[in-house]
Amino acid sequence: MSDLIDSPAEGENAPEFSVTEISSALKRTIEGAFGRVRVRGEVGRTMLARSGHLYFDVKDDRSVIAAVSWKGQVSRLSVMPEEGMEVIVTGKLTTFGSQSKYQLNVDDVTVAGEGALMAMLEKRKKLLAAEGLFDQSRKAPLPYLPEVIGVVTSPSGAVIRDILHRLRDRFPRKVLIWPVAVQGDQCAPQVARAIEGFNKLSVGGAMPRPDLLIVARGGGSIEDLWGFNEEIVARAAAASDIPLISAVGHETDTTLIDFVSDRRAPTPTAAAEMAVPVRLDLMGWVDEQGARLTRAMGDGVTRRGQRLQDVARALPRADSLLQTPSQRLDHIANRLPQALIAGVQTRKVALSQSSGSLRASTLTRMIDTKRQALGRRADRLSAATLVRENLRRRDKLEALSRRLSDTGQRQVRTLSDKLEHLERMRTTLGYQATLDRGYAVVWGDNKVVTDSVSAKKASEIEIQFADKRIKLGGKSPVKKPAKPQDKPDQGSLF
C-alpha cells in the first residue's frame with residue numbers, strides 16, 4: 001500500500017485515488033499480513049442464506065469479527081456453528097469492499113473443549129425433550145423373535161463380529177448390514193440415511209425389510225461419539241417405524257440416540273442378547289411345556305374315566321327301566337279295539353242328527369235369500385248406472401286433457417322464448433354483427449386469413465363485407481428469368 005500513499009513533494013497537492021484503488025490496496029495489505037489464521041471465540045448471530053452461504057459472528061467480551069463460509073465450505077464443516085457455542089475457527093482474513101469491513105472466510109470449525117460440547121449436547125437434549133421425542137409412550141416394543149435384523153455399523157470393526165457371534169450362539173437369524181462411518185464428518189449423515197433406508201424397504205420385496213434395527217459402535221471419547229449426538233441422527237431414530245436398539249459406546253457413554261431409541265443396550269453384545277432369546281433355553285422351555293401338557297392330558301383322561309365308572313354304578317339296569325313301559329303298552333293294546341268301536345258309534349249318531357236338520361224348507365229359504373241378494377246386485381248394474389259412470393269418467397278425462405294441453409303450451413312458449421334469446425345472443429356474438437359495424441373478413445383459399453404470411457401464400461383472396469364477398473385475386477405467378485440471348489458474332493479485324 002506504500003506505493004499508493006507516498007508523501008507528495010513539498011508544495012504539491014496530495015495524490016488522488018479512486019475508492020476501488022484504496023479498497024484493493026487494503027485487501028492486499030490485510031491478506032498479505034495475516035493470511036490463514038485460527039481464532040477462538042463465542043458464536044454470535046448466525047444466518048444461513050438462500051444461496052447456501054453461512055454468515056455468523058465470532059466474538060469475545062470486547063470485540064466482534066464477521067465470518068462467512070461459502071456454500072461449498074459449509075458442506076465440509078465438521079461442526080455447524082450455533083449461537084452461544086465456543087469454537088475455534090480457521091480461515092483466511094479478507095475484506096469486503098462493498099461495505100468497508102473486514103471478515104474471516106472460515107473453512108473449518110471445531111468446538112473449543114469438552115465443556116462446550118456438553119453445553120451444546122444439553123441444549124439439544126432440552127430441544128428434543130420439549131418436542132416429546134423422549135416420551136416412553138412413543139417407544140415400540142421389540143419383537144420376540146425377529147426374522148431379519150438390520151445392523152447399522154462399520155463393517156470392518158470388532159462390533160459387527162461380536163454381534164454376529166452372539167446371534168449365532170443364541171439364535172441364528174438373517175442379518176442385513178448397512179455399512180457407515182462411525183466417527184468423523186460423514187458419520188451423522190450416513191447413519192441417518194441408513195435408518196431411513198431400512199424403513200423405506202417394502203415388505204415382501206427383493207430385499208427383506210428388517211423386523212429390528214441395531215445401531216452399534218464401540219467405545220470412545222465424546223468427540224469420537226459426537227456423530228450420534230447430531231440432531232439428524234436423533235430425529236431419524238425417532239421417526240423409525242422399525243423398533244430400534246441403540247448400542248453406542250460402553251455402558252458409561254450416553255448419546256442422544258440412546259434417548260430416542262426404543263431400547264438402549266450398554267454394549268453391542270448386549271444389543272444382540274436383547275434382540276433374540278437363547279435357542280437352547282427356548283427349546284428346553286418348549287419341551288417342558290410339552291411334558292406338562294402330556295401329563296395334564298393323561299391326568300384329565302384318568303379322572304374322567306374314574307368319574308364315568310362312578311356314575312355308571314349309580315345307573316339302574318336297562319331291563320328294569322323297560323318293565324313298566326312294557327306293561328303300560330300291553331294294557332293300552334287291550335283297550336284299543338273297544339275304543340275304536342265306541343268312536344264309530346258316536347260319530348254315526350252325530351251324522352244322523354245332522355241329516356235330520358237339512359229339510360226341504362230350510363233349503364228353500366236359503367235359495368230365496370241368495371236370489372234376493374242377486375237381484376239387488378243386478379239392479380246396481382243397470383244401463384243408467386253405467387251411463388252415469390261413463391259420463392263422470394269422460395268429464396274427468398276431458399279435464400285431464402285440458403290440463404295437459406295447457407302445460408304443453410306453456411312448455412312450448414318457454415322453450416320458444418329461450419330459443420329466441422339464444423338466437424339473439426348468437427347474432428350478437430357472431431362475426432356478422434361485427435361486419436355490420438364496418439369490419440371485413442379476409443378469406444384466402446376458403447380459409448380465414450389472419451396474417452400477412454398466409455395472405456401471400458394464398459392463390460385467391462376474397463374480402464367479405466356485410467352484404468357480399470369481393471374477389472381481389474392472389475399472388476402473381478413467378479416469372480422465369482429470360483434466357484440471355486447470344487451476342488451476334490461480329491467477326492475479327494485480323
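Out of all the residues in the range 109-157, which are assigned to a strand (DSSP E or B), within 25 Å of residue 203 (Cβ to Cβ) and out of contact with any helix residue (DSSP H, G or I) (no Cβ under 7 Å at 6 or more places or on another chain)?
Listed by number, the list holds a single entry, 148.
Considering only the range 70-92, I want to know if a residue exists there that is among the small types (Gly, Ala, Ser), surrounded by fewer than 15 Cβ atoms within 10 Å (Cβ to Cβ), part of a helix (DSSP H, G or I) and not assigned by TED's automatic domain parsing to the domain that holds residue 184. The answer is yes; a qualifying residue exists. Scan the range 413-443 for residues that are charged (D, E, K, R) and in contact (Cβ under 8 Å) with a residue 12 or more places away in the chain and the total you get is 1.
Exactly one residue among 459, 401, 454, 416 is surrounded by 10 or more Cβ atoms within 10 Å (Cβ to Cβ) and at pLDDT 90 or above, and that residue is 416.
May I ask you to verify whether residue 216 is in a strand (DSSP E or B) and of a type in the set (Gly, Ala, Ser)? Answer is yes for this residue. Scanning the range 54-61 turns up no residue that is exposed (fewer than 15 other Cβ atoms within 10 Å of the Cβ) and either of a type in the set (Gly, Ala, Ser) or touching a residue at least 24 places away in the same chain (Cβ under 8 Å) (or both). Being within 30 Å of residue 145 (Cβ to Cβ), of a type in the set (Lys, Arg) and either touching a Phe, Trp or Tyr at 6+ places or on another chain (Cβ under 6 Å) or not assigned by TED's automatic domain parsing to the domain that holds residue 144 (or both) holds for only one residue in 328, 295, and it is 295.
When you scan the range 170-185, do you find a residue that is in a helix (DSSP H, G or I) and either of a type in the set (A, V, I, L, M) or surrounded by 15 or more Cβ atoms within 10 Å (Cβ to Cβ) (or both), even just one? There is at least one residue in the range 170-185 that is in a helix (DSSP H, G or I) and either of a type in the set (A, V, I, L, M) or surrounded by 15 or more Cβ atoms within 10 Å (Cβ to Cβ) (or both). The residues listed here are 271, 234; of these, the one that is within 18 Å of residue 133 (Cα to Cα) and either in contact with a Lys or Arg (Cβ under 6 Å, 6 or more places away or on another chain) or touching a residue at least 12 places away in the same chain (Cβ under 8 Å) (or both) is 234.
The values are calculated or read from the model by the stated rules, or taken from the named source; none is laboratory data. Here the structure is a predicted model, which is why all the values come from computation and not from measurement. Reconstructed Cβ throughout: ideal geometry from the backbone, glycine too, with neighbour counts over all protein chains shown.
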